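The values are calculated or read from the model by the stated rules, or taken from the named source; none is laboratory data. All of these numbers come straight from a predicted model, not from anything done at the bench. When we count neighbours, we look across all protein chains shown, and the Cβ atoms used for this are built from the backbone with ideal geometry, even at glycine. Surface areas here come from the heavy atoms of the whole protein model, side chains and all, with no ligands, DNA or RNA. Shrake-Rupley method; radii C 1.70, N 1.55, O 1.52, S 1.80 Å.
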Amino acid sequence: GAVVSQHPSRVICKSGTSVKIECRSLDFQATTMFWYRQFPKQSLMLMATSNEGSKATYEQGVEKDKFLINHASLTLSTLTVTSAHPEDSSFYICSARDSASGGPSSYEQYFGPGTRLTVT
Amino acid sequence: GQNIDQPTEMTATEGAIVQINCTYQTSGFNGLFWYQQHAGEAPTFLSYNVLDGLEEKGRFSSFLSRSKGYSYLLLKELQMKDSASYLCAVRVRRQLTFGSGTQLTVLP
């Protein structure tokens with residue numbers, strides 16, 4: 001099946017610094033990737049839709065200047081949390097759709113393993 | 001806006017059957033997904049329904065009624081490893097909107 005990786009799996013950073021999280025589709029191409037955030041005991045909240053070769057689409061309430069998204073290739077999207085603060089501590093998960101597949105499987109999003117960000 | 005409701009918690013006994021309900025009100029509908037998520041891990045895909053009816057896959061089945069805005073996930077022959085959060089998600093165009101998840105605890 002399709003595999004999505006994320007790096008790093010865990011990161012601890014100091015308040016005010018920036019952190020970059022990578023999301024890669026390992027065996028398929030993804031023109032669209034999605035970034036979610038999940039706080040403890042809460043569900044996934046879509047932050048933004050990352051489109052290869054164009055600007056990301058951010059959900060209401062998500063600051064695009066704080067959460068920078070770059071989707072430079074068909075297999076890689078990055079999320080950079082700039083000037084991180086303790087309230088940004090969360091579980092960040094990316095997902096990707098297989099651009100080439102058809103039928104019902106084309107609707108499935110494959111999730112990465114997530115990145116646990118702790119800002120001290 | 002999008003509104004997806006699921007029970008917060010459910011408890012069942014090993015070997016039993018449990019049904020997790022999901023109701024939704026969304027601006028558009030392109031399918032409904034069920035995911036399983038263990039604590040600290042990413043969600044894993046369980047099922048996808050876009051037409052009315054029952055989809056069966058091993059011990060797991062999922063049902064959809066579009067006219068009622070209703071779905072359920074049925075888990076049979078429960079095992080201890082089935083203890084997890086179960087997320088209902090509705091696809092609207094290319095995006096998924098998730099419910100708050102149902103935390104299922106399977107007791108011996």
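For chain B, what mean projected area does the convex hull of the alpha carbons give, in nm²?
On the way: hull surface 25.5 nm².
So the Cα hull casts an average projection of 6.4 nm².
Under a 1.4 Å probe, what is the accessible area of chain A per residue, stated in Å²?
Accessible area per residue: 49 Å².
What does the charge count near B:Tyr48 come to, summing +1 for each Lys or Arg and -1 for each Asp or Glu among other residues with Cβ under 11 Å from its Cβ?
Once all neighbours under 11 Å are counted, the net charge is 0.
So which GluC sites (Glu not before Pro) in the stretch B:1-82 are both in a DSSP loop and have at most 12 other Cβ atoms within 10 Å of their Cβ? Display every interim value, and only then the final one.
Working: sites: B:Glu9, B:Glu14, B:Glu41, B:Glu55, B:Glu56, B:Glu77; in loops: B:Glu14, B:Glu41, B:Glu77.
Listed in order of number, the matching sites are B:Glu77.
Among rounded, prolate and oblate, which fits the stretch B:39-101 when a ≥ b ≥ c are the square roots of the eigenvalues of its C-alpha gyration tensor, a/c under 1.5 means rounded, and a/b larger than b/c means prolate?
oblate
Using a probe of 1.4 angstrom, how much of the accessible area of chain B is carbon and sulfur, in percent?
Values: 2530 of 5190 Å².
Exposed carbon and sulfur together represent 49 percent of the surface.
In nm, give the distance between the simple-model label positions of B:Ala16 and B:Lys57, each being 7 Å from the Cα along the Cα-to-Cβ direction.
Taking the simple label geometry, B:Ala16 and B:Lys57 are separated by 2.5 nm.
What is the local net charge at B:Ser83, summed over the other residues whose Cβ is closer than 12 Å to its Cβ (Lys, Arg +1; Asp, Glu -1)?
-2
Lone cysteines in chain A, going by a 4.7 Å Cβ-Cβ cut-off?
Cysteines lacking a close Cβ partner in chain A: A:Cys13.
Report, in debye and to the nearest 20, how large the dipole of the stretch A:1-77 comes out about its Cα centre when Lys and Arg carry +1 and Asp and Glu carry -1 on their Cβ.
320
Whole number in Å², please: accessible area per residue of chain B, 1.4 Å probe, ligands, DNA and RNA not counted. Could the numbers behind the result be given before it?
Working: 5190 Å² over 108 residues.
Per-residue value: 48 Å².
Once chain A is represented by equal point scatterers at the alpha-carbon sites, with solvent omitted, what log10 I(q)/I(0) does the Debye formula produce at q = 0.17, 0.18, 0.23 Å⁻¹?
Debye output, listed in q order: -0.79, -0.88, -1.37.
Determine, from the Cβ-Cβ distance of A:Thr80 and B:Thr8 and an R0 of 25 Å, the FRET efficiency 1/(1 + (r/R0)^6), rounded to the nearest 0.05.
0.15
Name the residue from A:Leu26, B:Leu107, A:Val119 whose Cα lies farthest towards the positive end of the charge dipole of the protein assembly as shown, charges +1 on Cβ of Lys and Arg and -1 on Cβ of Asp and Glu.
Value computed over the given set: A:Val119.
For B:95-107, what's the mean count of beta carbons from other chains sitting within 10 Å of each residue's beta carbon?
Details: counts 7, 7, 4, 7, 2, 4, 5, 0, 1, 0, 0, 0, 0.
Per residue, the number of nearby Cβ atoms from other chains is 3 on average.
What does the charge dipole of chain B about its Cα centre add up to, to the nearest 20 debye, if the Cβ of each Lys and Arg holds +1 and the Cβ of each Asp and Glu holds -1?
Approximately 400 debye in magnitude.
Just to be sure I understand: if I project the alpha-carbon convex hull of the protein assembly as shown onto a plane and average over all orientations, what area do I get in nm²? If you can, show how the numbers build up before the last one.
On the way: hull surface 49.5 nm².
That works out to 12.4 nm².
Along the positive direction of the dipole of the stretch A:1-81 (beta-carbon charges: Lys, Arg +1; Asp, Glu -1; about the Cα centre), which of A:Gly16, A:Asn70, A:Thr49 reaches farthest?
Result: A:Gly16, furthest along the dipole toward the positive end.
Given the pairs A:Lys20/B:Lys76; A:Lys41/A:Lys66; A:Lys41/A:Lys64, which span a C-alpha to C-alpha distance of over 30 angstrom in this model? Don't skip to the end; give the middle numbers.
On the way: A:Lys20/B:Lys76 42 Å; A:Lys41/A:Lys66 24 Å; A:Lys41/A:Lys64 25 Å.
Too far apart for the 30 Å limit: A:Lys20/B:Lys76.
How many Å² of accessible surface get buried when A and B come together, counting both sides, probe radius 1.4 Å, rounded to the nearest 100?
1600
Select from A:Gly16, A:Gly53, A:Gly61 the residue whose mean-square fluctuation is largest in a Gaussian network model of chain A (Cα-Cα springs shorter than 10 Å).
Among A:Gly16, A:Gly53, A:Gly61, the largest mean-square fluctuation in the Gaussian network model of chain A belongs to A:Gly61.
Provide the net charge surrounding A:Gln109, with neighbours chosen by a C-beta distance below 10 Å and charges set as Lys +1, Arg +1, Asp -1, Glu -1.
After counting each charged neighbour, the total is +1.
Toward the positive end of the charge dipole of the protein assembly as shown, about the Cα centre and with charges on Cβ (Lys, Arg +1; Asp, Glu -1), which of B:Pro43, B:Thr13, B:Phe63 goes farthest?
Comparing the listed Cα positions along the dipole, B:Pro43 ranks first.
State, as an integer percentage, the relative contact order of the stretch B:38-108 based on alpha-carbon contacts under 8 Å between residues 6 or more apart.
22
If exposed means no more than 11 neighbouring beta carbons inside 10 Å and the site is in a DSSP loop, what's the longest run of chain A without any exposed trypsin sites (Lys or Arg not before Pro)? Walk me through the numbers before you get to the answer.
On the way: sites that count: A:Lys14, A:Lys41.
Result for the longest clean stretch: A:42-120.
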